[in-house]
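The values are calculated or read from the model by the stated rules, or taken from the named source; none is laboratory data. Just so it is clear, the model here is predicted, and its values are computed rather than measured. Here the Cβ positions follow ideal geometry from the backbone for every residue, glycine too, while neighbour counts run over all protein chains shown. Calculation scope for accessible area: heavy atoms of the full protein, side chains included, ligands and nucleic acids excluded. Shrake-Rupley method; radii C 1.70, N 1.55, O 1.52, S 1.80 Å.
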Amino acid sequence: LSTVTDTISITVTPVYDAPTLDAISSIVTAENSPVQFLVLGGIHSSGTGALSTRLHVASSNEQLVSTTSISKLAELGDDSRLLGFAPNPDQYGVTTITVTVEDAGLDGDFDTLEDNATFSRSFDITVTPDADEPPAQPLFVSRMYVHETQSADGPISYRIPAVNINGEPVNGLKTRVAGVSSDTAIIPDATTLYGETDVASALSFTPVVGAHGRVTVTINVEDGGPDNDLATLEDNRSATHLAEVTVLEIIADSGSAILSQDPESNVYADTQPVTVDEQQAQTDINGFAAIGAESTSAGNAVLVQREGTTYRLVAENTWQIIGMFDSLRNTSSTVLSPVAREPVEFALTVIPGSYVIDSLTNQTLTVRRGQKVTFDLSVTGHPFYLQTTGGGYVPANVYSEGFSGNGQTSGRYEWIVPEDAPDELFYQCEFHPVMFGKIVVVD
């Protein structure tokens with residue numbers, strides 16, 4: 001009898017599943033309610049054995065709910081935690097709370113991230129308004145400027161940011177909005193872009209083809225009251241706001257910028273006022289007739305004509321003409337170099353749904369690479385960000401090159417526009433997707 005002995009290695013790979021957390025039901029609570037507690041159950045780590053776990057909590061609307069706590073109580077058992085939260089004072093609306101369970105992985109070490117595992121659950125907290133709080137009175141008249149719709153154009157739809165009775169953008173509670181035009185021959189009654197909840201937070205309207213002039217759109221906003229139900233009319237609350245819309249008559253649109261005028265013959269380039277010596281220019285600029293506008297990589301210029309000769313008036317980023325006769329050139333001449341132009345400053349305030357710069361809402365800004373730009377912020381409750389995208393705050397798209405004012409609501413912040421800055425950036429409110437404007441970057 002003979003035997004042969006050999007040695008082999010067997011590797012047993014551990015089963016390593018994601019951690020778990022039971023589903024969490026949404027909650028409805030009242031404005032200014034005290035701290036509330038919610039039991040989170042079904043918390044288990046991945047794999048086998050007693051691996052370490054920790055929980056992270058994030059709120060999509062920190063203006064509504066910004067502070068939460070996680071507690072472990074012996075009487076709840078190892079698989080449960082106690083989540084505490086409270087609405088911020090005098091706030092109501094909807095926030096999505098995301099709870100993430102993270103375990104430390106097979107090595108039991110949270111710092112070695114490569115083997116950590118996570119699992120998340122989300123739920124909504126709806127904070128309904130205080131029944132004793134009276135409706136706020138309209139405190140503002142917003143203004144916007146749009147171009148007339150010409151016969152060759154397709155229908156163009158513009159949007160007015162909608163506001164609720166407390167003067168903030170519609171916040172997710174059941175709300176209905178109606179818009180009535182003072183002159184339907186210029187602007188028909190506005191159409192609501194959303195039904196009962198905050199989907200688009202705006203009214204849509206389309207000017208009548210070939211019509212221009214000034215119209216007041218009366219916006220009535222109604223919410224469902226403390227019970228968050230529009231059908232129970234007795235507790236609904238409402239307020240009326242006014243939006244003044246000027247449909248500008250187009251003078252010339254053949255160039256790279258559209259030149260237009262309002263009913264008072266004030267001129268605009270791409271809906272921004274053209275100014276001379278700190279006064280808004282009219283179609284007659286010191287005896288020169290305004291006939292067009294250009295916005296190119298070389299800079300901005302207003303085209304004027306007198307006695308059959310066309311001239312170019314060099315303008316600053318905000319269509320401000322300084323030293324008109326010093327910058328007067330024939331259109332065949334090269335535009336003056338922008339190198340020696342002064343730094344620019346933008347002072348920002350807010351009205352519901354909009355940043356305001358030079359009395360214009362969410363306006364497009366033009367800056368030059370290498371230029372010093374100062375943002376003077378007075379925008380409490382609306383943190384300011386530079387981004388590579390608009391239409392909503394996206395942390396991954398925040399642009400910080402040369403700028404330290406991201407996330408700020410007050411103070412002065414300088415920005416030296418980088419030489420490699422993209423051709424298009426945006427300024428964006430952290431909390432309100434409709435509060436944003438474009439920044440055009442030129443050489």
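Just one of the listed residues (VAL101, VAL146, VAL127) is at pLDDT 85 or above, within 23 Å of ASN32 (Cα to Cα) and not basic (Lys, Arg), and it is VAL127.
Of all residues in the stretch 31-53, which are at pLDDT 85 or above and aliphatic (A, V, I, L, M)? If the condition is that a residue be at pLDDT 85 or above and aliphatic (A, V, I, L, M), then VAL35, LEU38, VAL39, LEU40, ILE43 are the ones that fit.
Of the strands (runs of 3 or more DSSP E) lying entirely inside the stretch 347-398, those carrying at least 1 residues that are open to solvent by 50 Å² or more (accessible area, probe 1.4 Å) and not basic (Lys, Arg) are 372-378.
The lone criterion from (1) within 25 Å of ASP443 (Cα to Cα); (2) modelled with pLDDT of 90 or more left unmet by ASN266 is number (1). The strands (runs of 3 or more DSSP E) located wholly in the stretch 50-109 that include 1 or more residues which are more than 15 Å from ASP22 (Cα to Cα) and either open to solvent by 50 Å² or more (accessible area, probe 1.4 Å) or touching a Pro at 6+ places or on another chain (Cβ under 6 Å) (or both) occupy 53-59, 68-71, 93-103. Please find, within the stretch 211-235, the residue that is farthest from ASN32 (Cα to Cα) out of those that are open to solvent by less than 50 Å² (accessible area, probe 1.4 Å) and either in a loop (DSSP other than H, G, I, E, B) or in contact with a helix residue (DSSP H, G or I) (Cβ under 6 Å, 6 or more places away or on another chain) (or both). By that ranking, first place goes to ALA211. In the stretch 244-306, counting only strands (runs of 3 or more DSSP E) that sit wholly within it, the ones holding 3 or more residues that are on the phi < 0 side of the Ramachandran plot, surrounded by 18 or more Cβ atoms within 10 Å (Cβ to Cβ) and not aromatic (Phe, Trp, Tyr) span 259-261, 288-296, 299-306. The sole residue among PRO418, PRO433 that is farther than 24 Å from SER59 by Cβ and either among the small types (Gly, Ala, Ser) or in a loop (DSSP other than H, G, I, E, B) (or both) is PRO418.
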